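The values are calculated or read from the model by the stated rules, or taken from the named source; none is laboratory data. For clarity, every value in this text was computed on a predicted model and none was experimentally measured. Every residue, glycine among them, receives a Cβ derived from its backbone with ideal geometry; neighbour counts consider all protein chains shown.
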Amino acid sequence: MSQIAASAVIHPMAVVEDGAVIGENVRIGPFCRVGPRVTLKDGVELLSNAVVTGLTEIGAGSKIHPMAVIGGVSQSLHEAGEESRLVVGANCTMREGVTMNCGTVGGGGITRVGDNCLFLANSHVAHDCILGNEIILSNNVMLAGHVRVEEKAILSGGCAVHQFTRIGRQAFIGGLSAVAYDVIPYGMLNGNPGILGGLNVVGMSRSGIERSVIHQVRRAFKQIFESEGSARANAAAIRDEYLDCAPVIEILDFIAAESDRALSSPHRGKN
């Protein structure tokens, strides 16, 4: 049996299936469809012609625009109908035609999106992706399965991200880029194949990172990617030099972490 708050406003031409949980002040427009295992937290708005299905939770204050399909079954070739979920955080906006898929058992069973994220028209979040807070996916961005995107990253229009790739915090991905390898926190990647062109200095400055710290990060970047040897070996060698610089340590930890993908670099696209 559905649990529908008394303050919810549901258009008579919308379909809310039995079992859905609808919070306070939710608004569901005409021709929307809400599945029987969906939870819409307080203040969620579905404008019109939006579909929310699967075992899906939409966080408070989020807004879903027309023709979006949220919580669909994964497109994995190994999909066999097992139980899986999609959890979207608070105050997210999903514009026209956005698609987000539930997870797969083999990938952990959940696709998760943080708070305050913006998904522009026709962007896609595939199965088992994990996204942090305040991420922007511009028009037609495509995330393959198992991608991890850390908070405040910006992915420009039309870029495509290979499965299992990691994109670090506050990274910036240029339009139409092909992201085949991990992108370090604060990195700026462009092209096809994607090349790590430097640091997202503008984003770092806007987020309040002091200029002196940015200079340290730029120096560390050069030591990692312009010195002889591999980026991972170079990163390990300079750690003691930057113990008091949190952004550099974040980059070094990212490089040292286990990953299924190689590391994007300024030279060959990977390292």
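Only one of (1) without any contact (Cβ under 8 Å) to a residue 40 or more places away in the chain; (2) in a loop (DSSP other than H, G, I, E, B) fails for residue 75. Which number is that?
Condition not satisfied by residue 75: (1).
May I ask you to list the residues in the stretch 78-104 that are aliphatic (A, V, I, L, M), within 17 Å of residue 115 (Cα to Cα) and in a loop (DSSP other than H, G, I, E, B)? Full working, then the answer.
The initial filter retains those residues of the stretch 78-104 that are aliphatic (A, V, I, L, M), namely 80, 86-88, 90, 94, 98, 100.
Next, from what is left, pick out any that are within 17 Å of residue 115 (Cα to Cα): 86-88, 90, 94, 98, 100.
Once the filter is applied, which keeps residues that are aliphatic (A, V, I, L, M), within 17 Å of residue 115 (Cα to Cα) and in a loop (DSSP other than H, G, I, E, B), the stretch 78-104 yields 90, 98.
Looking only at the stretch 98-107, how many residues end up being surrounded by fewer than 21 Cβ atoms within 10 Å (Cβ to Cβ) and not small (Gly, Ala, Ser)?
So in the stretch 98-107, the residues surrounded by fewer than 21 Cβ atoms within 10 Å (Cβ to Cβ) come out as 99, 105-106.
Narrowing further to those that are not small (Gly, Ala, Ser): 99, 105.
So the answer is 2.
Is it the case that residue 151 is touching a strand residue (DSSP E or B) at 6+ places or on another chain (Cβ under 9 Å), at pLDDT 95 or above, in the same structural domain as residue 54 (by TED's automatic domain parsing) and part of a loop (DSSP other than H, G, I, E, B)?
no
Have a look at 85, 37, 112 and point out the one that is over 18 Å from the mean Cα position of the chain (by Cα) and not hydrophobic (A, V, I, L, M, F, W, C). Give the derivation first.
On the way: 85 fails: over 18 Å from the mean Cα position of the chain (by Cα); 112 fails: over 18 Å from the mean Cα position of the chain (by Cα).
That would be 37, the only listed residue that is over 18 Å from the mean Cα position of the chain (by Cα) and not hydrophobic (A, V, I, L, M, F, W, C).
Any idea which residue in the stretch 69-97 is surrounded by the fewest Cβ atoms within 10 Å (Cβ to Cβ), counting only those that are under 19 Å from residue 110 (Cα atoms) and in contact with a Phe, Trp or Tyr (Cβ under 9 Å, 6 or more places away or on another chain)?
To start, the set of residues in the stretch 69-97 that are under 19 Å from residue 110 (Cα atoms) comprises 69-90, 92, 94.
Next, from what is left, pick out any that are in contact with a Phe, Trp or Tyr (Cβ under 9 Å, 6 or more places away or on another chain): 92, 94.
On the way: 92: 27, 94: 29.
Looking at residues that are under 19 Å from residue 110 (Cα atoms) and in contact with a Phe, Trp or Tyr (Cβ under 9 Å, 6 or more places away or on another chain), I get 92.
Can you list residue pairs whose Cβ atoms sit under 8 Å apart, with the first residue in the stretch 220-237 being more than 18 Å from residue 259 (Cα to Cα) and the second being hydroxyl-bearing (Ser, Thr, Tyr)? Count only pairs 6 or more apart in sequence or on different chains.
220/242; 225/265
Could you figure out which of (1) surrounded by fewer than 19 Cβ atoms within 10 Å (Cβ to Cβ); (2) at pLDDT 95 or above isn't true of residue 229?
In the conditions (1) surrounded by fewer than 19 Cβ atoms within 10 Å (Cβ to Cβ); (2) at pLDDT 95 or above, residue 229 misses (2) alone.
Please work out which residue is nearest to the chain's Cα centre (by Cα), limiting yourself to the stretch 155-172 and to residues that are within 18 Å of residue 95 (Cβ to Cβ) and buried (at least 21 other Cβ atoms within 10 Å of the Cβ). If you could, list the steps in order and put the result at the bottom.
Restricting attention to the stretch 155-172, the residues satisfying the condition of being within 18 Å of residue 95 (Cβ to Cβ) are 155-159.
With buried (at least 21 other Cβ atoms within 10 Å of the Cβ) added as a condition, the list becomes 155, 159.
On the way: 155: 9, 159: 13 Å.
Here the answer is 155.
Within the stretch 69-82, can you find the residues that are more than 14 Å from residue 126 (Cα to Cα) and either hydrophobic (A, V, I, L, M, F, W, C) or at pLDDT 95 or above (or both)? Before you say what the answer is, go through the steps one by one.
Here is the first cut: in the stretch 69-82, the ones more than 14 Å from residue 126 (Cα to Cα) are 80-82.
Listed by number, the list holds a single entry, 80.
Which one of these is in a loop (DSSP other than H, G, I, E, B), touching a residue at least 12 places away in the same chain (Cβ under 8 Å) and either of a type in the set (A, V, I, L, M) or surrounded by 14 or more Cβ atoms within 10 Å (Cβ to Cβ) (or both): 266, 247? Outline the logic, then answer.
Working: 247 fails: in a loop (DSSP other than H, G, I, E, B).
When all the criteria are applied, what remains is 266.
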